[in-house]
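A.B. asks: For reference, the structure I am asking about is given below.
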């Protein structure tokens with residue numbers, strides 16, 4: 001197996017690990033425990049399922065690490081098309097990952113606020129519940145701020161895939177549509193928060209585009225001959 005085929009499969013594996021850990025954190029933990037607008041219920045859920053909460057938190061951090069690692073692997077794969085744009089996609093991904101990880105502190109703060117530590121005795125139960133819900137909202141908004149960069153990185157990624165010649169152009173088109181969909185989600189969340197359904201079509205396209213890229217890298221890899229041609233051309 002050519003080394004670039006191994007690189008493609010490595011990128012696919014990292015992207016798949018990102019999907020698995022992210023889905024577990026979001027649907028396996030957050031959707032089961034977090035009830036936005038109901039602090040008492042959320043805290044009861046977390047205290048009754050602390051192990052699940054901690055596992056979901058760690059899974060979120062792992063998903064961020066896998067996502068950044070996948071971006072770096074894609075940089076190595078796509079830099080013959082344009083080194084500058086390949087580097088840009090890594091930088092944009094890194095910005096999104098950094099913001100996402102910082103926002104996760106708000107999520108973990110809920111456990112600290114409800115842990116019964118002695119220094120919290122000066123606060124009433126209602127105050128602690130309000131602070132816990134505020135922390136969750138800060139996490140949620142931080143996650144959405146990260147989407148600005150998670151959307152933006154898809155533009156150079158989609159363009160490079162489209163121009164590469166060693167990956168299907170349809171994947172590049174889908175990734176560019178994904179770029180538009182994620183950015184629309186970002187603007188809808190902050191400008192039209194009462195109309196979340198407007199973003200659903202874009203989210204569907206996003207899943208098809210990114211999971212499609214993952215499967216292609218894992219199963220088909222790249223056209224090694226075309227990649228070599230592109231690499232030689234870029235070295236001239």
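The values are calculated or read from the model by the stated rules, or taken from the named source; none is laboratory data. The model shown is predicted, which means the values in this text are computed figures rather than measured ones. Positions of Cβ are backbone-derived with ideal geometry, glycine not excepted, and every protein chain shown enters the neighbour counts.
A.B. asks: If you go through region 66-81 one residue at a time, how many are touching a residue at least 24 places away in the same chain (Cβ under 8 Å) and either within 18 Å of the chain's Cα centre (by Cα) or surrounded by fewer than 17 Cβ atoms within 10 Å (Cβ to Cβ) (or both)?
C.D. replies: 9
A.B. asks: Report yes if some residue within region 125-139 is more than 17 Å from residue 41 (Cα to Cα), touching a residue at least 24 places away in the same chain (Cβ under 8 Å) and part of a helix (DSSP H, G or I); otherwise report no.
C.D. replies: yes
A.B. asks: Of everything in region 21-50 that's surrounded by fewer than 15 Cβ atoms within 10 Å (Cβ to Cβ) and within 20 Å of the chain's Cα centre (by Cα), which residue is nearest to residue 99 (Cα to Cα)?
C.D. replies: 23
A.B. asks: Shifting gears a bit: Of these, 53, 18, which one is closer than 23 Å to residue 209 by Cβ, crowded, with 18+ Cβ neighbours inside 10 Å and without any contact (Cβ under 8 Å) to a residue 60 or more places away in the chain?
C.D. replies: Answer to the selection: 18.
A.B. asks: Being at pLDDT below 95 and crowded, with 21+ Cβ neighbours inside 10 Å is the filter here; which residues of region 137-166 pass it?
C.D. replies: 164, 166
A.B. asks: Just checking, does region 213-229 include any residue being within 21 Å of residue 104 (Cα to Cα), modelled with pLDDT of 95 or more and crowded, with 22+ Cβ neighbours inside 10 Å?
C.D. replies: No, region 213-229 has no match at all.
A.B. asks: Within region 39-50, how many residues turn out to be under 16 Å from residue 126 (Cα atoms) and free of Cβ contacts under 8 Å to residues at least 40 places away in the same chain?
C.D. replies: 2
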